[in-house]
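First comes the structure, then the notes that go with it.
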There are 2 protein chains.
Amino acid sequence: MSDDDQELGITESKEHSPGDWYAEVVQKAGLADYAPMGGFIVTRPRGYALWEAIQDNLDGWFKDTGVENAYFPMFIPEDYLEREKDIVEGFDPEVAWVTQGGHDDLDQRLAVRPTSESIIAPYLSQWVRSHRDLPLRVNQWNSVVRWEATETKPFFRTKEFLWQEGHTAHATDEAAWAETTLRLDQYHRLYEDVLGIPVLRGRKPDHDKFPGADTTMSVEALMPDGKSVQGGTSHHLGQSFADAFDITFADEDEAERTAYTTSWGLSWRAIGALVMSHSDDQGLVLPPTVAPKQVVIVPIWQEDTKDDVEQYGAEIAAELEAQGVRVHFDDRDGRNPGFKFNEWELNGVPVRFEIGPNEVEDDEVTVVHRPDGESTVEDRAAIADRVHDHLDEVYDKLYDAAADRLAENVREADNRADILGTIGQHGGYVKAPWCGDQDCEAEIKDQIAAEIVMVPLGEDSAARAASELEGERVPEPDHDGEDCAICGDEATRTAYFAKSY
Amino acid sequence: MSDDDQELGITESKEHSPGDWYAEVVQKAGLADYAPMGGFIVTRPRGYALWEAIQDNLDGWFKDTGVENAYFPMFIPEDYLEREKDIVEGFDPEVAWVTQGGHDDLDQRLAVRPTSESIIAPYLSQWVRSHRDLPLRVNQWNSVVRWEATETKPFFRTKEFLWQEGHTAHATDEAAWAETTLRLDQYHRLYEDVLGIPVLRGRKPDHDKFPGADTTMSVEALMPDGKSVQGGTSHHLGQSFADAFDITFADEDEAERTAYTTSWGLSWRAIGALVMSHSDDQGLVLPPTVAPKQVVIVPIWQEDTKDDVEQYGAEIAAELEAQGVRVHFDDRDGRNPGFKFNEWELNGVPVRFEIGPNEVEDDEVTVVHRPDGESTVEDRAAIADRVHDHLDEVYDKLYDAAADRLAENVREADNRADILGTIGQHGGYVKAPWCGDQDCEAEIKDQIAAEIVMVPLGEDSAARAASELEGERVPEPDHDGEDCAICGDEATRTAYFAKSY
């Protein structure tokens, strides 16, 4: 390997140094660079294209289910932020404050939004007059800032991050439950059907809920290094924001009632989970669903075969493009095929077509899958059909590998030593009976930095009943009535312990 | 008119109090509300949908012409902002500063981006190594903040506004000129083909260029009240940013050369121009190109005809929807047809279908155009075809009215008194020979707050040569060699004076 290749290729090992490996993939595959100020990143076009793919999917589903986009100011006056006490306590320590405009000090500090409940709720209050105005659903795609002093990890830990935040108001508690669950279902679907990542879903323990929420639900994705990623959250806010901001409506019987609200958000962590789940020591691996280029065609020729090979390749590219496949024909003269293979592997193009004089001669195409290098030969005549099968196969390979990893990494424990030992040895999730007391989690947290990432929804809960998804990804509580694994008191629920990003 | 109607309808007159009328239309048509802090607005779903329509068009054109989206941090460290001296001088007085993060004071103030040249240029410098990396084009859709202490006017004057900002680097001056012109062409196309607004184009006088730019070009739209709106700007930045931020490349001959850069932006002012151009005393008027709903079907029935009329309406709605028409069937029971007519007029739906027992009986549809109330009767069988003609006709009516207004409001003057008198009496544009001295403009500005909004591009300029658009919208300089209308010195160009937003 030449120096040039060294500089271009991935040098860190995913298995042995996952943190350094991740940072290297993000930079060398051109997804993001570090910004001059700590905690911020520059999202490059290849990284932003992944965000656009996520947006296209979610935004379409939102609009199909009654959500409209809007835009609220990026600043929130301090006295607005103070109107809901839990929000203040929850976010005050990590707010970035604007204190000067031009050459003047401001009369009142403005918070750069850490989340927008406090500026949206007052408008929901104005816009909601009657039961006919409900449900009211708005969403915005924007960035928020949370001034946390942790090491920067692109897409996982940054002071500013891109996300969407949905905010809704409803006439009844049941309707708000249905909304909270519908949005979690959509996040679930994004991971399973678009990002190739199976997720578990449940609710957060009470002490880890969104400030002011009745219930916070999340989807959780297991990373190959054994840590869990909170992949999206959906909050049933009950009536706390409606009370604080006076969101009331005249009901059908003319009575004035207080609304129920929800909020739900998914951030560019989804990009982080995507990159970390599928990529390898050759670089980025992407499912075809979100890959900016799904197929790259690399021609292999000598001078005397160049014209034939290039014409053959160009025709195939045109045929695929007409089929709606995102294809790139790499006919650069100055680079040899080996260089091109490495470069497109680094950049995560899911399928590579290799065509040389033999393929032209035999009317064939050699098809190589990025995740495992599997190589097959297809008839030229059938390639425009078969390419879709190959794209599906690549998706399935990525999904199945992640699903196997998840299935192997949910373990059980019924005492403290086992929880600590199992997570210490294997990572992943450990299910244990739990009394519900935060102190019991604290003991585990102090010793191995693992926490309760979720608690299964109760069988009879409205959230569970409202979900259209069933089966193993919606775990059931199965430790009711046993002893808490940590303190020995009666367990009232099942806790999923894991280290997390 | 009942109190209820009064509250819903527009009460101000576009002709007599255009400012109040505009503010009322924006609020009552549900486009935007005022935020709690002065200078900020809340963009409601109907307003944001217009921004999405603008984005969909421009973003597609950008991507078709080599632009990729990216995302840069919303904050810029003060020392970065200071690296290009003109940017500092130009924007420093209107920057919002973040000085505190959480409970701590920051070591260095962070500017909330007023524009992103200063944070993007350093990365262009990193990403550009060789002539093979050029041209390099990135764009971002975001919001910027400029702390100007003026009265808030939604979409026209707000401290935070939504826009896109494109930034490119090129190997040659000619390539940068072509880029600057291409983007101005795309803005031109947006106004003419999507927003129904004819625009003039030219360059800004030197004293009104973007800080650090060689040349700033703009498209200018005439509002019905006689003022001009700067509808989008495209800047040839020459080598000033490339010098300040060291954007150099190894050229084909191995020599290290300095790149040329451009930037170009279009903001939600385009929404303001759209609303102000076409709307009337009944409320919002939108061209079908951007209207969230293009056709509303209002059924008119008595109890005994209700079922037939509603079925007829629902069938027509389904047929239009299958054709890709954005149609709404307003079958609300609690509102009478008159109320519905008023509401949809207020909200700017371009075409209304009225269907009652007569239409059902005769297999017809009554079609009403929003801009002028013109009513025609169409055969039911042909309606799915004819609807497209009606949508086109509505677009043409709006465009033609605006084009007539523009044609009537470009006047000439060759002395100070005429400039002042003509603008004072008619508004609009006044063309006059000008020496190029800012002091001459200042005299006009002081007296009637009119300024030079544009100077035609020289016949032989690269910008003019590169444009694919020709004809009357790209005015030619025709006062070269005459006497300056203000000072009497030799004129070197033609100035377009106007009051402006």
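The values are calculated or read from the model by the stated rules, or taken from the named source; none is laboratory data. Just so it is clear, the structure is predicted and the values come from calculations on it, not from any experiment. In this analysis, Cβ positions are derived from the backbone assuming ideal geometry, glycine residues included, and neighbour counts consider all displayed protein chains.
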Quiz item: How many residues are under 23 Å from A:Pro73 (Cα atoms) and buried (at least 20 other Cβ atoms within 10 Å of the Cβ) when one looks only at the stretch B:70-108?
Solution: 14
Exercise. Considering only the stretch B:290-318, state which residues are surrounded by fewer than 19 Cβ atoms within 10 Å (Cβ to Cβ) and either under 17 Å from B:Pro45 (Cα atoms) or outside the structural domain of B:Val367 (by TED's automatic domain parsing) (or both).
Key: B:Pro292
Exercise. Could you list all residues from the stretch A:320-369 that are surrounded by fewer than 17 Cβ atoms within 10 Å (Cβ to Cβ) and among the small types (Gly, Ala, Ser)?
Key: A:Ala322, A:Gly324, A:Gly334, A:Gly338
Quiz item: Given (1) closer than 22 Å to A:Ala35 by Cα; (2) touching a His at 6+ places or on another chain (Cβ under 9 Å); (3) of a type in the set (A, V, I, L, M), where does A:Val144 come up short, assuming only one miss?
Solution: (2)
Self-check item: Residue list for the stretch B:97-120, restricted to those being under 17 Å from A:Lys159 (Cβ atoms) and small (Gly, Ala, Ser)
Solution: B:Gly101, B:Gly102, B:Ala111
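Rundown of residues vs (1) in contact with a Phe, Trp or Tyr (Cβ under 6 Å, 6 or more places away or on another chain); (2) surrounded by fewer than 24 Cβ atoms within 10 Å (Cβ to Cβ); (3) within 20 Å of A:Ala432 (Cα to Cα); (4) at pLDDT 95 or above, yes/no style:
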{"position": "A:Leu184", "(1), (2), (3), (4)": "no, no, no, yes"}
{"position": "A:Tyr187", "(1), (2), (3), (4)": "no, no, no, yes"}
{"position": "A:Arg201", "(1), (2), (3), (4)": "no, no, yes, no"}
{"position": "A:Asp206", "(1), (2), (3), (4)": "no, yes, yes, no"}
{"position": "A:Pro211", "(1), (2), (3), (4)": "no, yes, no, no"}
{"position": "A:Thr233", "(1), (2), (3), (4)": "no, yes, no, yes"}
{"position": "A:Asp253", "(1), (2), (3), (4)": "no, yes, no, yes"}
{"position": "A:Thr262", "(1), (2), (3), (4)": "no, no, no, yes"}
Quiz item: Going through the stretch B:477-498 one residue at a time, which ones are of a type outside the set (A, V, I, L, M), more than 11 Å from B:Lys431 (Cβ to Cβ) and crowded, with 20+ Cβ neighbours inside 10 Å?
Solution: B:Cys484
Quiz item: Residues of the stretch B:30-55 being aromatic (Phe, Trp, Tyr), under 21 Å from B:Val194 (Cα atoms) and more than 7 Å from every other protein chain (Cβ to nearest Cβ), which ones?
Solution: B:Trp51
Self-check item: Residue, farthest from the other protein chains (Cβ to nearest Cβ), within the stretch B:132-155, restricted to residues that are over 29 Å from the mean Cα position of the chain (by Cα) and surrounded by fewer than 19 Cβ atoms within 10 Å (Cβ to Cβ)
Solution: B:Asp133
Practice problem: Would you kindly identify the helices (runs of 4 or more DSSP H) lying entirely within the stretch B:56-170 that contain at least 1 residues that are in contact with a Ser or Thr (Cβ under 9 Å, 6 or more places away or on another chain) and closer than 24 Å to A:Glu52 by Cβ? | Solution: B:117-127
Exercise. Could you tell me which residue of the stretch A:266-312 is farthest from A:Ala53 (Cα to Cα), considering only residues that are touching a strand residue (DSSP E or B) at 6+ places or on another chain (Cβ under 6 Å) and in a strand (DSSP E or B)?
Key: A:Pro299
Quiz prompt | Matching entry among B:Ser118, B:Ser17, B:Ser13 (being more than 9 Å from chain A (Cβ to nearest Cβ) and crowded, with 21+ Cβ neighbours inside 10 Å) | solution = B:Ser118
Quiz prompt | All positions within the stretch A:14-60 that are without any contact (Cβ under 8 Å) to a residue 40 or more places away in the chain, under 26 Å from A:Ala96 (Cβ atoms) and in contact with an Asp or Glu (Cβ under 6 Å, 6 or more places away or on another chain) | solution = A:Val42
